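Each reported figure results from applying straightforward, stated rules to the coordinates on display, with no laboratory input. Here the structure is a predicted model, which is why all the values come from computation and not from measurement. Counting neighbours? That spans all protein chains shown, and the Cβs are built from the backbone with ideal geometry, glycine included.
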Amino acid sequence: MSRPGTRLDSKKVNSELFTLTYGALVSQLMKDYENVDDVNKQLERMGYNIGIRLIEDFLAKTGSGRCYDFRDTAEKIQAGFRLYLGITPTLANWSASGDEFSLQFEANPLTEFVELPDHCLNLKYCNILTGVLRGALEMVQMDVSSTFVQDHLKGDSCTELRVKFIKRLEDAIPAGED
Amino acid sequence: MFGEKISVYNPASPPTMIISQVRPKTSILDKSLSKKRGEVSLSCYTLLFSELVQYCQNKVHTVPELQNKLCDLGQEVGIKLIDLYFVRERNCKRETKLLHMLLFIKTTLWKGLFGKEADKLEHANDDERIYYIIEKEPLVNKYISVPKDKGSLNCAMFIAGIVEGILNAAGFMAKVTAHWHKGTTYMVQFEESVIVKDKQLDEK
């Protein structure tokens, strides 16, 4: 059922508002938690909550069907970044078995205006993205894990997110409240 | 060569100040501030905002506390926005007149952040310290349905916080709150001193 008058994918938000809102959230977490690892975990959890809802939006907007292999999935993840954040990460460094790849980001609206102070060097500033991927893919019966292996904010030349396929989820149980 | 000099660590005379051990090739200050017309999807922003609200909600017990928390977070955003906008749009000059400042918020800032001007700016009849910025449907409230037991909660307090952060950073001390009235009304209540100062500027 399509509602009349709602144009898909026409609704955009200024990325600076997004950047600064995310920044305010991360800095609040840094104030609330003593341990940087807990902040990383909390960001991942929030991402997960976003992911499990965002996937529906993605499927509705793109009308994309099943993925036949993990490369297919990778391309859809890439398309998702383009759709939602307006960036196109590069797909690279496929493992020989085809179950692991990297997303490389040049620019990223999350990290615009960001500089990490020394006591935050363990902070995975964009860790929310790992949660989004986990949540979204879990809803389409895929268990993946991802970690940042390079971070532009820590002086690396680009930000690299390594995504690994773990297993297909059978008989998926509906997600509970996290 | 210059970079080398800085990074060499001499134990005999340790550097007095290290801002950051991380030295990216281009510092954040080297980047251009010019607008890149960057946009992200509304779904993405509203889901992020929803996480932010839920996180705040888990930290507090009452609606006013939650609103204060949202307001605080908004202020963080506002303080950063004011620098960005005045450097980029106003040639580093800040507004000194109260009304100009409010109009700047209603037009330039609102257009930048939300793609359109705020619907209305009004001055209270009975109190010269109070102004209202009215917006029918704030972006952040678009997909929020307020639970019945929390009827007074207006998550646009986050936007109110942004406005408050901006006004305070510009030297117009004020308290801004969001209310359910004609959509959402942001009530801007200035401190007495701000009004006095503005009148003195008028006399000159």
**Study point:** For B:45-56, mean number of other protein chain Cβ atoms within 10 Å
**Key:** 6
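Step through the table entries A:K41/B:K69; B:K175/B:K204; B:K142/B:K175; A:K154/B:K136; A:K11/A:K124, compare each Cα-Cα distance with 31 Å, and write down the pairs that go over it.
Details: A:K41/B:K69 22 Å; B:K175/B:K204 27 Å; B:K142/B:K175 24 Å; A:K154/B:K136 42 Å; A:K11/A:K124 29 Å.
From A:K41/B:K69; B:K175/B:K204; B:K142/B:K175; A:K154/B:K136; A:K11/A:K124, over 31 Å: A:K154/B:K136.
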**Study point:** Choice from A:N14, A:N35, A:N49 showing the highest fluctuation, given a GNM over chain A with Cα pairs closer than 10 Å
**Key:** A:N14
Practice item. Would you mind getting me the FRET efficiency between A:S95 and B:D30? Use the beta-carbon distance for r and R0 = 41 Å, nearest 0.05. Key: 0.70
Review point. So how long is each side of the protein assembly as shown along the principal axes, counting just the alpha-carbon atoms, biggest first, in Å?
Key: 77, 71, 37
Exercise for review: Between B:E137, B:E51, B:E39, find the one with the highest GNM mean-square fluctuation for chain B; connect C-alpha pairs within less than 10 Å.
Suggested key: B:E39
Review point. Relative contact order for chain A using alpha-carbon pairs under 8 Å, separation at least 6, rounded to a whole percent?
Key: 26 percent
Study note, to complete from the structure: For chain B, the helices passing both cut-offs (Cα extent along own axis of 15 Å or more, Kyte-Doolittle mean at least 0.0, full DSSP H runs) are B:42-59, B:63-89, B:157-169
Exercise for review: With springs connecting C-alpha atoms under 10 Å apart, model chain A as a Gaussian network and identify which of A:G80, A:G98, A:G135 has the largest mean-square fluctuation.
Suggested key: A:G98
Point to revise | Loop-exposed GluC sites (Glu not before Pro) per DSSP, neighbour cap 16 Cβ within 10 angstrom, longest uninterrupted part of chain A | key: A:35-105
Check your understanding: Between the range B:145-196 and the range A:60-87, what's the alpha-carbon centroid distance in Å?
Key -> 39 Å
Check your understanding: Which value does Rg/Rh take for the range B:130-173 over its C-alpha atoms, Rh per Kirkwood?
Key -> 1.05
Exercise for review: Could you give the DSSP H helices of chain A that reach 18 angstrom or more along their long axis (alpha carbon positions) and whose average Kyte-Doolittle hydropathy is no lower than 0.0?
Suggested key: A:15-32
Check your understanding: With the calculation restricted to Cα positions, what are the radius of gyration and Dmax of chain B in angstrom?
Key -> 20.7, 68
**Study point:** Calculated Rg and Dmax of the range A:1-127 using C-alpha coordinates, Å
**Key:** 16.9, 52
